[in-house]
Amino acid sequence: MKRILSLSALFLALALGAQAQSEVKYGLLSRSAIIEAMPEYAEARAALATLRQQYAQEAEYNELNFKRQFAEYLEGQKSFPLNIMLKRQRDLQEELEKGIAFRTATDSLLRQAEAELFAPVAERVDSAIRAVAMERGLEAVINTDEKACLFVHPSLAEDITAWVEEKLTALTDE
């Protein structure tokens, strides 16, 4: 009798586990597609493009200045006394080093500006994703951009893109 009760309890536990497992739901979405569709993303890209253009113009100005100094150096190289020629070489070396340092700093500043410009957009999307996941009772949300999960059975997952976009619109209207 105990054995029958133990087997019955085991089957009941398995049945309940299978039923609970079938209720598990996952959300699927392309986070980058949602972000790229936002007006704030376009604004951030435009601001970054403007900043990038300003830095490029300054780098071009520095390069033209270096080329002018180099041309003057080449033109007067034969007529300069040794100490003037050495001074001009040092000046050219300094200009070259300043140009390289500016380009290096520019790359770093652009990466930092990009992170600062896009962080609020990403946080807003992530907040909407969390809200939708909680509302829909999801166990997890899978970002299909990463291709980390090659297959999720359709009975266990749903595309939540439309709900997230709706949530973002509602957050914008508030």
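The values are calculated or read from the model by the stated rules, or taken from the named source; none is laboratory data. Nothing here was measured: the structure is a model prediction, and the numbers come from that model. When we count neighbours, we look across all protein chains shown, and the Cβ atoms used for this are built from the backbone with ideal geometry, even at glycine. Ligands, DNA and RNA are excluded from the accessible area calculation, which covers all protein heavy atoms including side chains. Shrake-Rupley method; radii C 1.70, N 1.55, O 1.52, S 1.80 Å.
Taking the stated definitions as given, is Ala101 open to solvent by 50 Å² or more (accessible area, probe 1.4 Å), modelled with pLDDT of 90 or more and part of a helix (DSSP H, G or I)? I'd like the intermediate steps shown before the answer.
On the way: open to solvent by 50 Å² or more (accessible area, probe 1.4 Å): yes; modelled with pLDDT of 90 or more: yes; part of a helix (DSSP H, G or I): yes.
When the stated conditions are applied, Ala101 passes them.
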| task | Scan segment 112-159 residue by residue and report those that are aliphatic (A, V, I, L, M) and under 16 Å from Met38 (Cβ atoms). | result | Leu117, Ala119, Val121, Ala122, Val125, Ala128, Ile129, Ala131, Val132
| task | Please work out if Glu123 is under 30 Å from Gly27 (Cβ atoms) and open to solvent by 90 Å² or more (accessible area, probe 1.4 Å). | result | yes
| field | Selection from segment 17-61 of residues that are more than 30 Å from Val164 (Cβ to Cβ), under 30 Å from the mean Cα position of the chain (by Cα) and either open to solvent by less than 90 Å² (accessible area, probe 1.4 Å) or of a type in the set (A, V, I, L, M, F, W, C) (or both) | value | Tyr55, Ala56, Glu58, Ala59
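Among the residues in segment 136-159, are any part of a helix (DSSP H, G or I), buried (at least 16 other Cβ atoms within 10 Å of the Cβ) and modelled with pLDDT under 95? Step through it out loud before you land on a result.
Kept after step one, since they are part of a helix (DSSP H, G or I), are these residues of segment 136-159: 136.
Going one step further and asking which of them are buried (at least 16 other Cβ atoms within 10 Å of the Cβ), we end up with none.
So far as segment 136-159 goes, no, none of its residues is part of a helix (DSSP H, G or I), buried (at least 16 other Cβ atoms within 10 Å of the Cβ) and modelled with pLDDT under 95.
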